[in-house]
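Each value in this text was obtained by applying a stated rule to the coordinates, not by laboratory testing. Bear in mind that the values here come from a model prediction, so they are computed numbers and not experimental data. Neighbour counts run over all protein chains shown; Cβ positions are idealised from the backbone, glycine included.
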2 protein chains.
Amino acid sequence: MHHPENDEQYKGLTVNKGVEQMPVVNPYATFRRKKHLLAPEDYVAGIRNGDISILGQAVTLVESNLPQDQAVAQKVIEACLPYAGQSIRLGITGVPGAGKSTFIEALGTELANAGKHLAVLAIDPSSERSKGSILGDKTRMQELSAAKNAFIRPSPSAGSLGGVARKTRETIVLCEAAGYDTIFVETVGVGQSETAAHSMVDFFLLLQVTGTGDELQGIKRGIMEMADGIAINKCDGTNRDKARVAKAQYKNALMLFPPSESGWVPDVLTCSAIEKQGIWEVWHMVEDYIDFTRKTGYFDLQRTRQAKYWMYETINQQLLDNFYHNPRIAELLPQAEQRVLDNQLSSFIAAHQLLEEYKRG
Amino acid sequence: MHHPENDEQYKGLTVNKGVEQMPVVNPYATFRRKKHLLAPEDYVAGIRNGDISILGQAVTLVESNLPQDQAVAQKVIEACLPYAGQSIRLGITGVPGAGKSTFIEALGTELANAGKHLAVLAIDPSSERSKGSILGDKTRMQELSAAKNAFIRPSPSAGSLGGVARKTRETIVLCEAAGYDTIFVETVGVGQSETAAHSMVDFFLLLQVTGTGDELQGIKRGIMEMADGIAINKCDGTNRDKARVAKAQYKNALMLFPPSESGWVPDVLTCSAIEKQGIWEVWHMVEDYIDFTRKTGYFDLQRTRQAKYWMYETINQQLLDNFYHNPRIAELLPQAEQRVLDNQLSSFIAAHQLLEEYKRG
């Protein structure tokens with residue numbers, strides 16, 4: 001049985017051929033193209049020396065779909081692994097309008113000024129850098145961008161969620177090996193990207209805004225129960241009272257949720273990113289969580305599970321990609337699906353017929 | 001490339017070899033073994049005539065992992081498809097102790113007495129019939145079992161969730177073709193079985209009990225946001241006030257959730273299954289939902305999505321089973337996993353090595 005996909009296996013897991021192009025606004029990509037590829041050991045040495053330029057080039061390799069880039073990237077990642085894992089990884093989600101960028105700018109700048117080494121990454125499968133999506137436009141984080149200890153990297157460009165998330169996950173390894181002790185992973189608060197972010201961070205923060213109506217529109221159901229903490233942003237000016245009421249409401253709501261496996265009780269805080277109020281309190285909540293879960297052993301348990309998760313996730317994604325990108329299957333699938341939708345064929349019989357065809361091919 | 005699993009493809013999708021045995025307390029199975037298999041058209045004729053005995057035998061075929069049984073079962077299902085789809089499908093979940101059996105007995109008996117034709121099915125991958133798990137012991141539903149219009153069927157016996165859920169999903173088709181206009185699908189409220197149930201029903205009811213502490217233990221996080229309605233059971237005796245307080249709390253909590261895609265606002269009711277109070281109100285909520293979603297078109301949209309979901313789910317499950325049951329992979333996987341856990345190997349490199357090995361095999 002011949003899988004055409006497998007010939008291109010080292011392209012990486014994304015299969016969005018023709019979708020990804022050379023990033024438009026990524027300075028590293030342009031930079032790299034002008035130079036020869038370094039040897040893997042040179043990337044590793046540069047990363048270990050905290051050379052931000054080399055780190056950026058290595059991340060570009062991780063993000064590349066070219067087989068030769070991936071081959072080097074995987075060697076670099078493997079060599080960085082022994083130095084990885086020492087950071088605190090914070091996931092931050094919230095709908096557009098919740099003030100994520102301002103919050104990250106505020107908290108990130110405080111942490112950088114306090115001596116932390118901060119890397120800010122993102123998962124946004126819908127992003128196209130040229131459209132200025134989350135983190136794409138660094139002008140929105142001027143202060144943080146200027147901080148010496150901060151490394152800001154936009155989401156890998158548009159592609160399948162699996163591919164985008166894998167790249168972010170691997171970039172964490174490089175950043176940790178480069179000495180970053182605090183990693184933010186931002187997601188856009190819709191679709192499946194939170195599950196992906198949740199599976200690579202230690203603490204998952206939901207940034208919320210006040211009100212119970214439109215503000216919730218677009219946030220994925222189930223996210224509230226995924227959160228280790230909620231911060232109600234924009235608690236400022238005339239919004240202050242509303243934010244405090246919302247805080248009480250969320251606290252009550254969380255009490256109705258089943259207890260989390262970690263034993264941690266998610267807290268609800270208010271803050272104003274724009275006025276830089278309540279920002280440290282959010283960070284202290286994260287630190288409390290880390291302390292608590294380190295003591296109970298849940299911290300390591302979760303990290304271990306995440307490593308396993310990513311191995312299986314990668315395998316599963318590739319197996320499915322091989323099937324769905326098989327030309328014969330791609331040709332037959334729409335008809336089979338239509339017959340199922342028209343109630344002419346059982347879901348299960350349609351599935352078996354396609355699997356038989358795949359086996360035969 | 002040879003997939004040993006594929007040779008046994010018609011065993012159905014469960015791959016829990018050696019786990020499933022002949023059900024111990026299923027009367028139909030024993031009955032069928034004493035007879036010759038009917039021809040597929042005879043099963044279909046019997047089902048269409050509302051012959052409960054033939055229906056039961058056909059369900060046993062659906063549940064069987066024997067290739068010859070599956071071959072007949074798939075023909076029967078295909079022939080029944082044009083007559084399926086006309087029922088209201090209600091999923092019921094809740095932790096053990098929430099009173100699911102009593103509730104189903106109370107609501108089911110009312111509906112059967114009112115002239116409905118009711119089939120009660122279950123998804124419980126952990127069940128072993130001999131252990132008297134949910135629905136396994138019909139003595140817990142004496143009144144309903146005695147009703148003429150009711151067909152009660154325990155969960156397919158223990159196995160992989162995918163296999164158990166598929167069998168329940170196919171059994172719905174047979175029951176609908178036999179004229180059952182109301183289908184209950186019960187799940188146990190833990191693990192992944194709710195997602196499976198949710199993907200085959202029109203309305204998903206969470207049965208809850210009062211209190212905010214131990215009663216929630218064991219319920220899966222995220223279920224509350226999956227529910228189209230919540231019924232707080234055991235609102236009787238000294239529990240009445242607590243139940244009413246809980247109702248208000250849940251109502252407030254639900255208001256904080258993002259709006260559901262259907263536009264339906266989940267309601268919270270109280271009831272006492274044991275005193276048969278508030279049972280009809282729960283059913284009226286289900287009917288309101290059906291009316292509402294039929295008008296908006298969401299009802300059909302969801303049914304269509306579910307049919308698609310099951311086609312893809314079946315394909316994906318089989319592709320993964322083929323891989324993980326490959327003897328070479330089964331041999332290599334534990335070592336690879338251990339190296340990932342020990343941080344000696346990246347999740348992604350481990351995955352690629354295993355996929356290469358699979359391709360080579």
Could you tell me whether the range A:234-304 comes out rounded, prolate or oblate from its Cα gyration tensor? Rule is a ≥ b ≥ c as square roots of the eigenvalues, rounded for a/c under 1.5, then prolate if a/b exceeds b/c, otherwise oblate. oblate
15 Å beta-carbon shell around B:ASN252, net charge (K/R +1, D/E -1): +3
Most exposed to least, judged by fewest other Cβ atoms within 10 Å, B:HIS284, B:HIS117 sort to B:HIS284, B:HIS117
FRET efficiency, 1/(1 + (r/R0)^6) with R0 22 Å, evaluated for B:ARG240 and B:GLN142 via beta carbons: 0.25
So if we plug the beta-carbon distance of A:GLN338 and B:LEU256 into 1/(1 + (r/R0)^6) with R0 = 45 Å, what FRET efficiency do we get, rounded to 0.05? 0.70
A:ILE92 neighbourhood, Cβ < 14 Å, K/R = +1, D/E = -1, net charge -4
Fewest Cβ neighbours within 10 Å first, please rank B:GLU176, A:GLU225 accordingly. A:GLU225, B:GLU176
Going by how many other Cβ atoms sit within 10 Å of their own, how do B:MET311, A:MET285 line up, fewest first? A:MET285, B:MET311
For B:GLY229, distant residues with modelled amide H under 5 Å away: B:PHE204, B:LEU206
Dipole of the range B:278-340 (Lys/Arg Cβ +1, Asp/Glu Cβ -1, origin at the Cα centre): which of B:MET311, B:PHE323, B:THR293 lies farthest to the positive side? B:PHE323
Quick one: work out Rg over Rh on the C-alpha atoms of the range A:304-345, Rh as Kirkwood radius. 1.25
Between A:ARG294 and A:SER53, with labels modelled 7 Å along Cα→Cβ, what's the label distance in nm to one decimal, could you check? 3.6 nm
Averaged over B:245-258, number of beta-carbon atoms from partner chains that fall within 10 Å: 4
Distance from the range A:308-361 to the range B:225-249 (C-alpha centre basis), Å: 43 Å
Charge-dipole axis of the range A:203-361 as Lys and Arg at +1 and Asp and Glu at -1 on Cβ define it, positive-most pick from A:SER260, A:SER346, A:GLY361: A:SER260
Give the whole-number value, in cubic angstrom per residue, of the convex hull volume spanned by the C-alpha atoms of the range B:271-336. 164 Å³
